[in-house]
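Quick notes on the structure that follows.
The values are calculated or read from the model by the stated rules, or taken from the named source; none is laboratory data. All of these numbers come straight from a predicted model, not from anything done at the bench. Glycine gets a Cβ as well: all are built from the backbone with ideal geometry, and neighbour counts include every protein chain shown. The area values use the complete protein model at the heavy-atom level, side chains included, leaving out ligands, DNA and RNA. Shrake-Rupley method; radii C 1.70, N 1.55, O 1.52, S 1.80 Å.
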Amino acid sequence: MAAKKTKPDYLSGIFILIVFAGFSFFNWSLPDKIDDFIYRSGSGFGSSASSEVNEVVIVSVSPEDLNKSSVENRPGSAGLVELADRLNSLGVKLIGFSMPFRVEQSASALNEFRALYEEVNAYPPGDKAERFKEWVLENIDKFENRIASKDIFPDAFTSAENIIVPVTDTGSGSVTPLSVEYLNSSGADASFIKEISVEKLAFSYPELLNSAGGIGFIPDNKSDYGDDLSWPVYWGYNGVLVPSLPLRMAIFYNGLKPVEVEADKIKIVIKDKVLPLINGRMYFPLVKDKYAAESLTYDQVMGDFKKLPDLKNKVVIIGFNDSDSKKMENVIPDRRSSLAARQFASIINCDAVSRPSFIIFIESLFFIIAVFFMVSRAPQKSYLFSFTGFLFVIAAAAGISLFSLSFLGVWFKAGNIITGTVILYVLFLLKGNKSASGKKESNETRRILGLNYQSQGELDLAFKEFKNLPLDKETKDLIYNLGLEYEKRKLNEKALEVYNYINKSGSYRDLNDRIPMLRESDRSSTMGSYRDMNDSNVLVDSSDGPARTMVGRYKILGELGKGSMGLVYKAQDPKINRIVAIKTIRFSDEFEEDVIAEIKERFFTEAEIAGKLSHPAIVTIHDVGEDRDLTYMAMECLEGEDLEKYIVKDSLLPVRSVIDVIAQIAEALEFAHKEGVVHRDIKPANVMLLTNGKVKVTDFGIAKAISSSKTKTGVILGTPNYMSPEQIMGQKIDFKSDIFSLGVLFYQLLTGELPFHGDNLSGLLYQITQVRHSSPRVYNQKIPKVCEQILDKALSKDPAKRFKSAGDMAHIIRALGEKIDELKKKKISAEQAEKDA
């Protein structure tokens, strides 16, 4: 049955490329959030600075500190004046104020003079009084300025040449355009300058403005001040670019004037050093504590100078403290001061992330390639392949972004690419682009499941699974072999059905000859049942009739439990007065009559072989026999419990005990393997943990005796959770299969979870044969890394990659246990030595 070839969905790809173009030119929140996350994850490693200069100290003041003064009756902000003077006396190189000067307190005299000014100005002018009025207004204006300066900064600063003061875009005062210090923005686009412009610059005290070493802009609205990723380094005003406070401080630090600094949308050039910008904003790497500034309080600076750190040639930023930290012992600088210090240090070191103009073309090319790959390849593969490709594109985009940020200092934005890839993948899922080749995963599962049914004798179920496969040569081979199996069991009618199914698409092998012969043979065969329905020689167990008192020669003392195919009794051997455990099997309850004799023969053969195994960790088999329809096995009676109790999360054994248990089982398997015996059914129920800590492995040979046999109920004999991939796929079984099953048991004892899960049998078998197990440390972080490595090797899908023998596995596990004991002894010794000391 040929499958239709799915054509690549180029329309979906073109649609996504258009969406991607939209993402690239518009600020969509989702891609921005993805880019923000990647930036925070990767930019911390990307610093292009060859040497780092960080000489910034933040002095935090509170509103109460503004009125502090050593001179009595000095109103206003005299404390700031004395603070600046004190810092200059300590030899600081540069002082910057990150707090806007917008102090509205005024002395009463100042208010009175301002009122007088208004009155005189409102007085009706006269010819004789005109000159007097001009004189009064002129002198009042001069006096007002002097009082204002003395009121807010009573003696002004002793020296203001190294002080950078802030101007804002709000306030009662204003700054004339002629007094603005601006950057060389000849290369900047006029529309860009207009876009970032403010309407006015404000500063309340002209005398201080004129005497300061420079001015830098700080927006009054904190939301415009920047975030923890970026900060504007300039603003537009009257067609020019005004430097931010940190940039103006950096210009002063380098001995330059603002007009000597070249600035445009993508860069700033300071003394031949190029600082990259992204749309006029500076993005700095998020390296924790990289440019962390030392913080002092007002009282510390104004206190004993001997207790201060050396401030000579330092750069000081004066700002308010965090209002939330008033009650804290260590005052925290406000966000404005911290960001100013961070940006200043980054500018000095030319440490910023760039985004060259060509990077968007690289991003576009990457996404075009990714879309072409997903559109042309993914729909023609399985959903698993599509999902893997989808994850690969996302991982590649994020990886390139992280690498470019970390090592190149270039921001490759992956948010648009990732968002577009997700949309494309969702479109694929909604459209259901799944071709016949895309069904490979489910077909493989059906093939494995069918082979498993066939290996367990469930031929009808196997045929049902095979019929869901495309009828290609491989499937015909499978079904042909199934027909031969039907013939072997003399189920000619079923064999004919199978052969006719194969032949409906054309003749195959020898079926044109085999089918007529089989029909003739079927007509000449005798009719009747394979079973005598009137057989009355059936004994009942205690579960559905009178309780047994004897099995063979053994006297039943009690019931120990129920096995997978029968009851287990505690019994007494009257010949030698020995207590034994009797495991019973009624094959007639599980198998068709035509195979019971064969199974019993194999059972006795395997029991005889297992009975010769003499090992401390292998249960001893004393006797096997039959009691009417019951087949039984007498073995040593053990004091303990099977491992089913210890695979539950609430009752897991300590890791050290698990290591010892697995080592004992591996040693038992190694002994059996050397004797040519493969267990085939290692699972918790087949391992007893005795009261003395030793283990006993049970049921050697039973799995082999009943394998490939048809059951009545359709139940798969054996335990699929612990089966090896080759066991499920009906391949040859050897000792490597036991190693895989032991790995599953090891995993479960450590975590309380199975390494492979499935919603149904088909899903479970696919997981075992195709999907890698998850790390056991997902469930328990305390599991040693070595245990994880041992499990990876034991649970390898390829038998050749597992341990060479169970003995090798036991040796490594024993060595691990000894190492744990050694480390524990050292720890105890160290603790004892510390206690004695």
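Structure data summary
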| quantity | calculated |
| --- | --- |
| P(r) histogram, all alpha-carbon pairs of the stretch 594-657 included - 5 Å bins from 0, percent | 4, 13, 18, 15, 14, 13, 11, 7, 4, 1 |
| Environment charge of K312, counting only residues whose C-beta is closer than 12 Å and scoring Lys/Arg +1, Asp/Glu -1 | 0 |
| Portion, in percent, of the accessible area of the stretch 254-325 that falls on carbon or sulfur, probe 1.4 Å | 47 percent |
| Compactness index (Cα Rg / 2.2 N^0.38 Å), the stretch 707-837 | 1.34 |
| Solvent-accessible area per residue for the stretch 786-825 (1.4 angstrom probe, square angstrom) | 54 Å² |
| Solvent-accessible heavy-atom area per residue, rounded to whole Å², over the stretch 618-702 at 1.4 Å | 39 Å² |
| For the stretch 226-320: rounded, prolate or oblate by the Cα gyration tensor [a/c cutoff 1.5] | prolate |
| 9 Å beta-carbon shell around D573, net charge (K/R +1, D/E -1) | +3 |
| Within the accessible area of the stretch 644-694 (1.4 Å probe), percent carbon and sulfur | 49 percent |
| Placed amide H near I58: partners under 5 Å, 5+ positions off or other chain | E294, S295, L296, I317 |
| Net dipole in debye of the stretch 710-837 [+1 Lys, Arg Cβ; -1 Asp, Glu Cβ; about Cα centre; nearest 20] | 180 debye |
